[in-house]
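The values are calculated or read from the model by the stated rules, or taken from the named source; none is laboratory data. This one's a predicted model, so the numbers in the text were calculated from it and none came from an experiment. In this analysis, Cβ positions are derived from the backbone assuming ideal geometry, glycine residues included, and neighbour counts consider all displayed protein chains. Surface accessibility is based on the protein's heavy atoms, side chains included, excluding ligands, DNA and RNA. Shrake-Rupley method; radii C 1.70, N 1.55, O 1.52, S 1.80 Å.
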Amino acid sequence: QQLEEKLGVYPVRINYLPGGIGFVEGDVYGDTSSALILYGIGADVKISYNIRLNYQVGSWGKDVEDEFFDGYVMQVNDVPINVNRYKVSDGQERTIASFEYQGVGYSLTFADFKPEEVEEVLNQLYFP
């Protein structure tokens, strides 16, 4: 509810989190009209969820050392979601799923998730 009050939008909601993952912390940044919500197991962050009102195509970044190795587009509720997979410097994988819905940009970064786990989370997003 804080997101609605502080940003003035009803954001796409995460309805499903894999076993043991829960809310860690969240912040709303009024000066940039954005929010960051972290989910994990204890303090170990597994999913970071970014919401940006001043969204522009191509505005989501990645670290230079991340090596792209797979990408595709999936449809969830008629919304195209770009899914890109990267190898990171520590040998783990990172998946970034980004999309635009009603003029708002969304990005979910998954730390070391299997593709089917990422798709399960994405398939159960709630679009208001």
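Can you list residue pairs whose Cβ atoms sit under 6 Å apart, with the first residue in segment 108-123 being part of a loop (DSSP other than H, G, I, E, B) and the second being among the hydroxyl-bearing types (Ser, Thr, Tyr) and crowded, with 21+ Cβ neighbours inside 10 Å? Count only pairs 6 or more apart in sequence or on different chains.
Cβ pairs passing all conditions: Phe113/Thr95.
Kindly indicate whether any position in segment 67-77 is acidic (Asp, Glu) and either modelled with pLDDT of 95 or more or in a helix (DSSP H, G or I) (or both).
Among the residues of segment 67-77, not one is acidic (Asp, Glu) and either modelled with pLDDT of 95 or more or in a helix (DSSP H, G or I) (or both), which makes the answer no.
Given the condition farther than 23 Å from Asn123 by Cβ, touching a residue at least 12 places away in the same chain (Cβ under 8 Å) and in contact with a strand residue (DSSP E or B) (Cβ under 6 Å, 6 or more places away or on another chain), answer yes or no: does some residue in segment 17-29 qualify?
yes
Restricting segment 83-128 to residues that are open to solvent by 70 Å² or more (accessible area, probe 1.4 Å) and under 21 Å from Ser34 (Cα atoms), which is farthest from the chain's Cα centre (by Cα)?
Gln102
Search segment 19-48 for residues being of a type in the set (Gly, Ala, Ser) and outside any loop (DSSP other than H, G, I, E, B), and hand back the single one that is surrounded by the fewest Cβ atoms within 10 Å (Cβ to Cβ).
The extreme case among them is Gly22.
State which residue is least open to solvent (accessible area, probe 1.4 Å) when the search covers only segment 1-18 and only residues that are within 19 Å of Glu100 (Cβ to Cβ) and touching a Phe, Trp or Tyr at 6+ places or on another chain (Cβ under 6 Å).
Only one residue fits best here, namely Val12.
With the structure loaded, tell me whether Asn50 is more than 14 Å from the chain's Cα centre (by Cα), within 15 Å of Leu125 (Cα to Cα) and either modelled with pLDDT of 95 or more or not aliphatic (A, V, I, L, M) (or both) or whether it fails that test.
No: the conditions fail for Asn50.
Taking Ile37 as the residue in question, decide whether it is modelled with pLDDT of 90 or more, closer than 19 Å to Pro128 by Cα and touching a strand residue (DSSP E or B) at 6+ places or on another chain (Cβ under 8 Å).
Spelling it out, Ile37 is indeed modelled with pLDDT of 90 or more, closer than 19 Å to Pro128 by Cα and touching a strand residue (DSSP E or B) at 6+ places or on another chain (Cβ under 8 Å).
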